[in-house]
Each structure stands twice: as structure tokens, then as C-alpha cells.
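Engineer: Below you will find the structure I want to go over with you.
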Amino acid sequence: MSAVPRPEATDPAAPRILVVGCGALANELVELTRGLPNIDVTCLPPSLHNRPGGIPGAVRAKIRAAKARGQHARIFVAYADCGTGGLLDRVLEEEGVERLPGAHCYEFFAGQQNFALLAEEEPATFWLTDFLARNFERLVIRGLGIDRHPELERMYFGNYRRVVYLSQTPDPDLLRLARRAADRLGLVFEHRQTGYGELATSLARAAAGGHRPSAAAA
């Protein structure tokens, strides 16, 4: 894996930027904005991913509260579409705010082209990130009720064939947890070290005051 560019340190007097992020990215956002005194991070609960219809409204509320306080020159949203079916983009267009590229975190961690290749190679893939590997039992097994109703496991995962762990950090404990999750589901396991991917480059661009290229320019 090639080195991933990190946002460079900024002048403390630079315009303040608020990053409104998904709680599943909290560790990564804190790490990537370390040393960037003009960037503040606030996160929404990661449990919103179990009900993505609530994401657009929750993000809008954070944006409007920040605008009302008037302490930040710009706001950047550290969410992909995340299952909102374009509703998050509608909110962000109305509010004049940009977000991370892609449909979900797996795509911006792996990179759009690499993710497309992986998904085409095996569409029946269940994806893990560092956050999901760490919280698999809580969010997946207990969160979906599989611990109480084991018959649900086949309903949810019967059509999957493999687990691909897209790791952000070279952590052997997380790798072990990811393998355990695949074993728990009876699926083939693969590991791809992605680093922070387009999360890092998007934050670097936001810190520098730049804009994400449009689809036409990409």
C-alpha cells in the first residue's frame, strides 16, 4: 500500500472549519485532524447506519446549529451517501455544504476504482472496516438480533460468500477480530490494507479550502 497523504498543519489563524462526521469514523477523523488547529470535529451516533433515513435530518440539524453559532467559516460533512438514496445530497445542496465522495465508507476507504473492481469480482461480499471489526458483535450480531434469534443469521447472510476487511490501521488485534467475524458467519475471509484512502485526501482538501472535483471533472 502506498503512503496516504495526511492533511498538512495549518495556520492557527486560518478560517475555522467544522467537520460533521459519522460516529463510525470518529477515530479516523481525530487522527487525521490532529495538528490542524483550525478544524473542529463533531460526530453523529454510528447507530444511524441502522436507520439511514435519519441521517439527512440529523446532518441538517448539525449544520444549522453550527451556522447559528457562527463560529466556523466552512462546514464539511464526513459522510458518503450511506444508504440515504440521495436524500443527504439534497440536504447538502440546500445548505451549500460538501461531503465525502462515494456511496459509502467502503468506497472512499478503498478508492472508487479499487472498490468497483472488488465488488465486481464478488458481488456477494460483506465489508468490514476497523470500526466494524471492533464492533461486530455489538452492531451486527446483537444489533440485528442474531444473538436472540439465531435463525436470522441465515436470513441476513445466507447469500454472502466472503468477508473483505478493509483495514485503516495495521492492527493485529483488529485483524484477528475481522477473521473471527468471517468465521462466525461461515464466510471466506480476505484482508486489504487501505489506510485512510479518500477520507484523508478529502480532509486535506477541506483543510486547504479546496473543493471536491465534480463527477464531470473527475
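The values are calculated or read from the model by the stated rules, or taken from the named source; none is laboratory data. Predicted model only: the values in this text are computed from it and were never measured. FYI the Cβ positions are ideal-geometry reconstructions off the backbone, even for glycines, and counts take in every protein chain you see.
Engineer: Can you find a residue that is modelled with pLDDT of 95 or more, aromatic (Phe, Trp, Tyr) and farther than 18 Å from His49 by Cβ anywhere in region 126-145?
Structural biologist: Scanning region 126-145 turns up no residue that is modelled with pLDDT of 95 or more, aromatic (Phe, Trp, Tyr) and farther than 18 Å from His49 by Cβ.
Engineer: Select from region 48-67 the residues that are within 13 Å of Gly21 (Cβ to Cβ), in contact with a helix residue (DSSP H, G or I) (Cβ under 6 Å, 6 or more places away or on another chain) and either of a type in the set (Lys, Arg) or in contact (Cβ under 8 Å) with a residue 40 or more places away in the chain (or both) and list them in ascending order.
Structural biologist: Ile63
Engineer: For a quick check of your reading: which strands (runs of 3 or more DSSP E) sit entirely within region 120-212 and have at least 3 residues that are buried (at least 18 other Cβ atoms within 10 Å of the Cβ)?
Structural biologist: Where strands (runs of 3 or more DSSP E) fall fully within region 120-212 and carry at least 3 residues being buried (at least 18 other Cβ atoms within 10 Å of the Cβ), they are 125-128, 162-167.
Engineer: Contact list please: Cβ distance under 6 Å, first residue in region 122-147 and at positive phi, second residue part of a helix (DSSP H, G or I) and hydrophobic (A, V, I, L, M, F, W, C), pairs at least six apart or on different chains.
Structural biologist: Listed by first residue and then by second, the contacts come to Gly145/Leu152.
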